[in-house]
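Trainee: Dropping the structure in here first, questions after.
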Amino acid sequence: REAHRYRSNGSVLELTYAELIAEADRVARGMHRLGVRRGDRVGLVLHKAQDFIPAFLGCVRAGFIAVPLYPPLTLGQLASWADTTGRMLATAGAHLLVADAPVAYTLRSLRDQVSSLHEVVTIDDLPDGGELPVGPVSDSDVVFLQFTSGSTSAPRGVRVTHGSLWANAHAIMVDGLRANADDRGVSWLPLYHDMGLIGFVMSPLVTRTPVTFLSTLDFLKRPEVWVRTLSEDHATISFAPNFGYALTARRTESTEGLDLSAVRVLGCGAEPIQPDAIEGFFERFSEVGLKRSAFLSCYGLAETTLAVTFAAME
């Protein structure tokens, strides 16, 4: 069965669950050949979902502790971003950093600043072959380190355990969203952030809910791609912070050809909810089948894995 669909600049890549696991295992073997062992921390600075997700799941499969980090927003901020990234890698005690090619060269200097860091590589640099160290885990084992958003203070690393991740993912998909076999998710959310990573990469695995991933940059350049994808994929579940709804309603030039009648959950969290922005979005797309009952307000934070509370679904 299809697990993931990646859309970027008009191209589409689909992976079945078997293909996703095979790619994750390939990446994990490459990390292992570079000396990473169970319990070691691996920094990830990868902006493409088709790179990030197998790398993250490869770490989970092999018992490496992934450390998702945000990529630079602009080249003008590269120096300050590299300093911040270096501090987070040092805090995490990262053994390996896997980064996008454009920034990996810049970050290689961090090996002289972060004592634990042995290597900085790109996905393509990872060697082929080798062993896949798969072993048992307990609920108390750390599965990855989630740095907080830094919206109220400097980013802090949160240890997410297998037990807390499973409990929160199950609560999100089963208790909160009541996911069923007909559901399909769509997400443009950054994968280094808990709502994008836990909400749309890890949680859907609990119920084998397929997800289409859009590039965050593609969304910011053309927000209409979000509702177009919801329509084309007959998707049922998506989430966004408040600004995403306002931006999409304002910058969607035409609703012609859209059909959002399949959408049953549109969640909003990560920042204070502004009723005018949400009402404007639903008014904008009501003529193409979007139901007001689809709106779901929620609250979460990295310190509690992700979700804390959902409003009751109608």
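The values are calculated or read from the model by the stated rules, or taken from the named source; none is laboratory data. Remember, it's a predicted structure, so these values are computed and weren't measured experimentally. So basically every Cβ, Gly included, is an ideal-geometry build from the backbone, and we count neighbours across all protein chains shown. Surface areas here come from the heavy atoms of the whole protein model, side chains and all, with no ligands, DNA or RNA. Shrake-Rupley method; radii C 1.70, N 1.55, O 1.52, S 1.80 Å.
Trainee: Taking only DSSP H segments of four or more residues, each worth -39500 (n - 2.57), what value at 222 nm results for the chain once the sum is divided by all its residues, to the nearest 500 deg cm²/dmol?
Mentor: Mean residue ellipticity at 222 nm (helix-derived): -10000 deg cm²/dmol.
Trainee: For region 156-256, what is the largest minus smallest coordinate of the Cα atoms on each principal axis, given in angstrom and ordered from greatest to least?
Mentor: Projected onto the principal axes, the Cα atoms of region 156-256 cover 45, 36, 18 Å.
Trainee: A further question on this structure: Carbon and sulfur: what percent of the chain's accessible surface (1.4 Å probe)?
Mentor: After summing per-atom areas, the C and S share lands at 51 percent.
Trainee: Calculate the tail of P(r) for the chain: the fraction of all Cα-Cα distances greater than 37 Å, expressed in %.
Mentor: 14
Trainee: Of the listed peptides 56-69, 3-16, 35-48, what is their order by residue-averaged count of other C-beta atoms within 10 Å, with the highest listed first?
Mentor: Highest to lowest by the protection proxy: 56-69, 35-48, 3-16.
Trainee: Accessible area per residue of the chain at 1.4 Å probe, in Å²?
Mentor: Dividing the accessible area of the chain by its residue count gives 45 Å².
Trainee: Which three semi-axes in whole Å describe the equivalent ellipsoid of region 181-314, each the square root of 5 times a Cα gyration tensor eigenvalue, listed largest first?
Mentor: Result for region 181-314: semi-axes of 21, 16, 15 Å.
Trainee: Given Cα pairs under 8 Å that are at least 6 residues apart, what percent is the relative contact order of the chain?
Mentor: Over the chain, the number comes to 15 percent.
Trainee: Could you give log10 I(q)/I(0) at q = 0.14, 0.25, 0.34 Å⁻¹ for region 21-65, computed by the Debye formula over C-alpha point scatterers of equal weight, without solvent?
Mentor: -0.26, -0.82, -1.30
Trainee: For region 1-81, what value does the Rg/Rh ratio take when both radii are computed over Cα atoms and Rh is the Kirkwood radius, given to two decimals?
Mentor: 1.03
Trainee: Still on this structure, please answer the following. Taking a quarter of the surface of the Cα convex hull of region 68-116, what do you get in nm²?
Mentor: Across all orientations, region 68-116 yields a mean hull projection of 3.1 nm².
Trainee: Largest first and to the nearest Å, give the Cα extent of region 56-137 along each principal axis.
Mentor: Answer, in whole Å and largest first: 43, 26, 22 Å.
Trainee: Using alpha-carbon positions, what is the distance between the centroids of region 269-292 and region 25-52, in Å?
Mentor: Taking the Cα centre of region 25-52 as reference, the centre of region 269-292 is 38 Å away.
Trainee: Take region 235-314, compute every pairwise Cα distance, and split them into 10 Å bins from 0; I just need the percent in each bin.
Mentor: Bin by bin from 0 Å, the calculated values are 18, 51, 25, 6, 0.
Trainee: With a ≥ b ≥ c the root eigenvalues of the C-alpha gyration tensor of region 65-201, is it rounded (a/c under 1.5), prolate (a/b larger than b/c) or oblate?
Mentor: The shape class here is prolate.
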